[in-house]
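Accompanying notes for the structure given below.
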Amino acid sequence: MKKSVVALVGRPNVGKSTLFNKMVGKKISIIEDTPGVTRDRVYGSVNYKDYKFHLIDTGGIELGKSDFNDEIKVQAMLAIDEADIVVFVVDGKEGLTSDDFLVRDMLKKVSNKVIVAINKCDSKKIKETEYDFYELGFSNIVKVSGEQGDGIYDLLDLITSNFPKYEEDIDDTKVRFSIIGRPNVGKSSLVNAILNEDRVIVSNVAGTTRDAIDTEFNYNNEKYVVIDTAGMRKKGKVYENIEKYSLIRSLKAIDRSDVCVLVINAEEGIIEHDKHIAGYIKDAGKPCVIAVNKWDLIEDKDSAIKKWKQDIMADFSFMDYAKIVFLSAKTKKRIHTLMPEVLSAYENSKREIKTSLLNSVINDAYELNLPPSYKGRRLKIYFSTQVRTMPPTFNIQVNSKGLVHFSYERYLENKIRESFDFSGTPIVINFKSKGEE
């Protein structure tokens, strides 16, 4: 089932980024008291009760008052176009402004369901301005405080009131893997090389592929599906009106993939946006293969491979489990190395560990390296079990999860990986205090 999409829209400095971070549960958006600081869309995934949805944080809309007005307007309109629900964020402390009415006029032109979120309701001034917001003409209004977290659950209840409960699509007959990456790294050429035929238009113009294309093919007498995604443009660019399929389309492709192949341009090297895309793959809990493409353009390949592996380990340290292949989609050299790594990562993501073996590994790791005590208390581990696959997820029962330091969690993950082959796939460790479900 596809995740629904929710967009936060509003003029600058009304607290959209703070509200976004509170809903997603981690600090992703840049927060600053300068109007218009969030100039690009930021994407996150929200899990609430039995619902899951994508959340988009747009740049503020301030018509005619800033140099990047057009850029922000286009981003917001794209978010509105992509969204199933728009949350129109207004400032309860400052009250209505002329820009709020301009935003209202934009939203009145779309058919999406609009919810007005009056933010900063921890302010005493809200009593003076609360009822003014009904002038906007929307029936769904909720008071929130992104800073304090007040009213967030009321907002989430309203957002999900007509959402279907999220269920994972189950299709064990075909493995699906997506080709992910920023524009012009050779994704479509790589798909053609895999298929051994020109089924996808290939162009040197970045962004030619405007939607995700699914293609079924045979490999070793088994059927697979490769998903060629739209080029993931760097956020903050001015999009043409014709560009309907932006980053959210690729995020949806990631969601329905069993494995993601992150394509990097060997000629250009690793850039910051490559790491951003890898972060989306990791956040989705998907296995990953990093494919360094255009390898035919590299001289002294033996020494280059060593240097590339070092750079990947440094720049993608948060994804050090990813498989790495070096290939050329254009010449088809080393193309044969890709599918075995894709299938290996997929199989490892489905790996199940017997409870007795898991406990033996965790207990041995604990005895070998006792966690440091904190205020006279030391972490104790009672029982470990695997609760799901894709990605492999483990629950570890402890005396108090508040005693778990991130470095010790990393240590236990490393010990699990040393004992069992989870290369290519993320693993999740949940610590549960004794008595906690």
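The values are calculated or read from the model by the stated rules, or taken from the named source; none is laboratory data. If you're wondering where the values come from, they're calculated on a predicted model, not measured in any experiment. Cβ atoms come from the backbone with ideal geometry, glycine included; neighbour counts cover every protein chain shown. For accessibility, only protein heavy atoms count, side chains too; no ligands or nucleic acids. Shrake-Rupley method; radii C 1.70, N 1.55, O 1.52, S 1.80 Å.
Restricting attention to the stretch 413-437, the residues that are farther than 21 Å from Ala345 by Cβ and in contact with a Phe, Trp or Tyr (Cβ under 8 Å, 6 or more places away or on another chain) total 2. Just to verify a result, which residue in the stretch 41-69, among those that are at pLDDT below 55 and out of contact with any Lys or Arg (no Cβ under 9 Å at 6 or more places or on another chain), is surrounded by the most Cβ atoms within 10 Å (Cβ to Cβ)? Among them, the one singled out is Ser66. Summed over the stretch 306-339, the residues that are outside any helix (DSSP H, G or I) and polar (S, T, N, Q) give a count of 2. The number of residues in the stretch 318-343 that are within 23 Å of the chain's Cα centre (by Cα), within 16 Å of Asn218 (Cα to Cα) and open to solvent by less than 20 Å² (accessible area, probe 1.4 Å) comes to 1.
The listed residues are Gln397, Gln386, and the only one of them that is part of a strand (DSSP E or B) and over 27 Å from the mean Cα position of the chain (by Cα) turns out to be Gln397.
Taking the stretch 254-275 as the range and being touching a residue at least 12 places away in the same chain (Cβ under 8 Å), assigned to a helix (DSSP H, G or I) and either polar (S, T, N, Q) or farther than 22 Å from Arg388 by Cα (or both) as the test, the residues that pass are His273, Asp274, Lys275. Of the numbered conditions (1) open to solvent by 50 Å² or more (accessible area, probe 1.4 Å); (2) farther than 21 Å from Cys288 by Cβ, Val404 satisfies every one except a single condition; which is it? Here Val404 meets the rest and fails (1). The set of residues in the stretch 289-305 that are in a loop (DSSP other than H, G, I, E, B) and closer than 23 Å to Glu272 by Cα comprises Lys294, Ile298. Residues in the stretch 280-308 that are under 30 Å from Ser45 (Cα atoms) and open to solvent by 20 Å² or more (accessible area, probe 1.4 Å): Tyr280, Lys282, Asp283, Ala284, Lys286.
For Ile353, indicate whether it is part of a loop (DSSP other than H, G, I, E, B), buried (at least 18 other Cβ atoms within 10 Å of the Cβ) and modelled with pLDDT of 95 or more. Yes: the conditions hold for Ile353.
Any residue in the stretch 173-189 that is in contact with a Phe, Trp or Tyr (Cβ under 6 Å, 6 or more places away or on another chain), β-branched (Val, Ile, Thr) and modelled with pLDDT of 85 or more? Yes, the stretch 173-189 contains a residue that is in contact with a Phe, Trp or Tyr (Cβ under 6 Å, 6 or more places away or on another chain), β-branched (Val, Ile, Thr) and modelled with pLDDT of 85 or more.
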